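Peer 1: Structure in structure tokens, see below.
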Amino acid sequence: MSRFDELVWSAALNGAAPSLPSLVAGSAGRPSECVVFETVIVAEEVEPLDLLSGGHTVNVGQRSVMLVSDRDGDFVLVAEPAGAEGVFHIVGSTPSSDARWQRIERRIRSSAPNLVPCFLNHNDFADIGSALSEFGTVEVRTLSARHRRDPKSINLSWKRDEYQLRPDHRAAIEEAEEQEASLRSLRLYLAESEGLDLHVRRVSGATFYSGNFEVFNSVVLPRLANAADRRRRLMHDRQRRAGAPVPEPIEVVLPIDRFKGADDTAKILDHIAKVSHLSHAVLHRNPYFHLSVTDHHDGSNFDVMVTSADRIQITPGFRASPGAFTELAQYLGDWFAADRISEAATEQAFSIYDLISR
């Protein structure tokens with residue numbers, strides 16, 4: 001186990017829950033170690049680590065700590081309350097590229113709708129970069145993105161030299177958008193914050209490598225939590241009710257026109273068909289697209305419609321859990337590189353004065 005894991009597990013066995021900054025400080029000085037965070041939305045009355053079975057769990061206050069037995073080596077996971085209702089950080093010191101962490105990520109995905117990660121949009125990336133810039137000059141070391149019109153990946157990197165700084169977060173995001181690409185991750189560096197080196201990922205997560213953890217803890221983690229909290233509140237309690245007006249749909253808004261005909265909207269069918277726990281029925285194909293979708297994990301059901309070339313509308317049925325709603329919207333948003341996921345704007349009804357004046 002890493003030094004971080006040893007400190008966390010020892011403290012948990014002794015009934016203590018030291019702060020994350022003190023744990024990071026205690027494990028400092030070993031450059032091969034990092035601290036990885038994935039921010040998740042958790043259903044009511046669910047303990048996050050209970051869904052990630054495979055180890056012995058100790059609860060200390062609101063924090064849960066699990067010692068995971070793995071064929072590639074034991075490691076520790078922490079479920080840390082993120083400061084917003086129903087939002088937790090899953091924390092570990094296993095690199096996100098390690099097979100062990102990737103297995104945890106797959107378990108998180110398979111735990112939906114009880115456990116759902118939150119996807120960041122470009123504004124979230126920009127907000128994190130701008131907040132960090134108060135503590136030093138933000139430089140982008142690497143950028144990964146995916147082209148919006150095809151699955152082609154874009155990977156960019158910049159070397160630092162004494163004559164020229166690397167681009168900041170704004171310039172890097174603009175470059176990705178100029179290439180019609182959706183950001184997947186940014187690796188950022190702040191020399192003035194003790195060489196703060198961190199990675200921010202679209203699937204609401206971040207990795208701290210080195211530098212001033214207090215800045216990371218006060219800037220990056222709260223913004224991951226806020227993004228997840230906004231998504232949780234957006235999807236909460238939206239199911240239809242007998243005798244009540246149909247709730248406003250949620251829109252997955254794209255930055256470009258992707259759905260110009262039946263061939264384009266057929267791609268939505270293709271992607272939903274790839275998800276084993278989703279079933280669908282086509283209600284209409286042309287000129288508009290209308291699909292009924294059922295999530296067999298908990299029986300949630302939705303109407304998925306395309307009436308505009310740049311957005312997908314999702315309307316909840318009489319059963320629509322927040323987790324299933326979030327998973328479906330984010331799944332489509334990720335595949336089609338959405339700009340944002342938001343409530344559809346309410347159409348203004350015409351008044352008698354509007355009609356008379358026409």
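The values are calculated or read from the model by the stated rules, or taken from the named source; none is laboratory data. In this text, all values refer to a predicted model and were calculated from it rather than measured experimentally. For neighbour counting, all protein chains shown are included, and Cβ atoms are generated from backbone atoms with ideal geometry for every residue, glycine included. For accessibility, only protein heavy atoms count, side chains too; no ligands or nucleic acids. Shrake-Rupley method; radii C 1.70, N 1.55, O 1.52, S 1.80 Å.
Peer 1: Within the stretch 128-150, does at least one residue satisfy the condition of being touching a residue at least 24 places away in the same chain (Cβ under 8 Å), under 17 Å from the mean Cα position of the chain (by Cα) and under 21 Å from L20 (Cβ atoms)?
Peer 2: Yes: one or more hits.
Peer 1: Residue check: is K260 charged (D, E, K, R), under 27 Å from Q179 (Cα atoms), in contact with a helix residue (DSSP H, G or I) (Cβ under 9 Å, 6 or more places away or on another chain) and surrounded by fewer than 16 Cβ atoms within 10 Å (Cβ to Cβ)?
Peer 2: Criteria not met by K260.
Peer 1: If I filter the stretch 215-222 for residues that are within 28 Å of F125 (Cα to Cα), modelled with pLDDT under 95 and not acidic (D, E), do I get at least one hit?
Peer 2: no
Peer 1: Sticking with this one: Residues that are out of contact with any strand residue (DSSP E or B) (no Cβ under 8 Å at 6 or more places or on another chain), open to solvent by 10 Å² or more (accessible area, probe 1.4 Å) and not in a helix (DSSP H, G or I): does the stretch 99-110 have at least one?
Peer 2: Checked against the condition, which is being out of contact with any strand residue (DSSP E or B) (no Cβ under 8 Å at 6 or more places or on another chain), open to solvent by 10 Å² or more (accessible area, probe 1.4 Å) and not in a helix (DSSP H, G or I), the stretch 99-110 yields no hits at all.
Peer 1: Quickly run through the stretch 149-163 and pick out the residues that are in contact with a Lys or Arg (Cβ under 8 Å, 6 or more places away or on another chain) and either surrounded by 15 or more Cβ atoms within 10 Å (Cβ to Cβ) or in a strand (DSSP E or B) (or both).
Peer 2: S153, I154, S157, W158
Peer 1: Moving to a separate point now. Considering each residue of the stretch 66-87, count those that are closer than 21 Å to P113 by Cβ and either surrounded by fewer than 14 Cβ atoms within 10 Å (Cβ to Cβ) or touching a residue at least 24 places away in the same chain (Cβ under 8 Å) (or both), and give that number.
Peer 2: Residues flagged as closer than 21 Å to P113 by Cβ and either surrounded by fewer than 14 Cβ atoms within 10 Å (Cβ to Cβ) or touching a residue at least 24 places away in the same chain (Cβ under 8 Å) (or both) within the stretch 66-87 amount to 7.
Peer 1: Here are some conditions: (1) assigned to a loop (DSSP other than H, G, I, E, B); (2) open to solvent by less than 40 Å² (accessible area, probe 1.4 Å); (3) touching a strand residue (DSSP E or B) at 6+ places or on another chain (Cβ under 7 Å). P95 meets all but one. Which one does it not meet?
Peer 2: All conditions are met except number (2).
Peer 1: From the list R230, R258, which residue is of a type in the set (K, R) and under 20 Å from the mean Cα position of the chain (by Cα)?
Peer 2: R230
Peer 1: Among the residues of the stretch 272-295, is there at least one that is in contact (Cβ under 8 Å) with a residue 40 or more places away in the chain, part of a loop (DSSP other than H, G, I, E, B), under 30 Å from A145 (Cα atoms) and open to solvent by 30 Å² or more (accessible area, probe 1.4 Å)?
Peer 2: No; the residues of the stretch 272-295 include none that is in contact (Cβ under 8 Å) with a residue 40 or more places away in the chain, part of a loop (DSSP other than H, G, I, E, B), under 30 Å from A145 (Cα atoms) and open to solvent by 30 Å² or more (accessible area, probe 1.4 Å).
Peer 1: If you don't mind, there's one more thing I want to ask. Is there a residue in the stretch 96-112 that is touching a Phe, Trp or Tyr at 6+ places or on another chain (Cβ under 9 Å) and of a type in the set (S, T, N, Q)?
Peer 2: No: the stretch 96-112 contains no residue that is touching a Phe, Trp or Tyr at 6+ places or on another chain (Cβ under 9 Å) and of a type in the set (S, T, N, Q).
Peer 1: Of the conditions (1) farther than 28 Å from D263 by Cβ; (2) open to solvent by 30 Å² or more (accessible area, probe 1.4 Å), S321 clears all except one; give me its number.
Peer 2: (2)
Peer 1: How many residues are in a strand (DSSP E or B), farther than 15 Å from A28 by Cα and either of a type in the set (D, E, K, R) or open to solvent by 10 Å² or more (accessible area, probe 1.4 Å) (or both) when one looks only at the stretch 181-204?
Peer 2: Going through the stretch 181-204 one residue at a time, the tally reaches 7.
Peer 1: Among the residues of the stretch 164-174, is any within 30 Å of E85 (Cα to Cα) and open to solvent by 30 Å² or more (accessible area, probe 1.4 Å)?
Peer 2: no
Peer 1: Here's another thing I want to ask about it. If you take the residues in the stretch 205-250 that are over 19 Å from I341 (Cβ atoms) and in contact with an Asp or Glu (Cβ under 6 Å, 6 or more places away or on another chain), which one is surrounded by the fewest Cβ atoms within 10 Å (Cβ to Cβ)?
Peer 2: Among those that are over 19 Å from I341 (Cβ atoms) and in contact with an Asp or Glu (Cβ under 6 Å, 6 or more places away or on another chain), it is S210.
Peer 1: I'd like to check something: does the stretch 304-314 contain any residue that is open to solvent by less than 10 Å² (accessible area, probe 1.4 Å) and either assigned to a helix (DSSP H, G or I) or out of contact with any strand residue (DSSP E or B) (no Cβ under 6 Å at 6 or more places or on another chain) (or both)?
Peer 2: Within the stretch 304-314 (the criterion being open to solvent by less than 10 Å² (accessible area, probe 1.4 Å) and either assigned to a helix (DSSP H, G or I) or out of contact with any strand residue (DSSP E or B) (no Cβ under 6 Å at 6 or more places or on another chain) (or both)), the answer is no, since none of the residues qualifies.
Peer 1: Only residues in the stretch 1-22 that are of a type in the set (S, T, Y) count as the first member; pair them with residues that are surrounded by 19 or more Cβ atoms within 10 Å (Cβ to Cβ), Cβ under 6 angstrom, at least 6 apart or cross-chain, and list the lot.
Peer 2: Taking only residues 6 or more apart or on different chains, the pairs are S2/E33; S2/S93.
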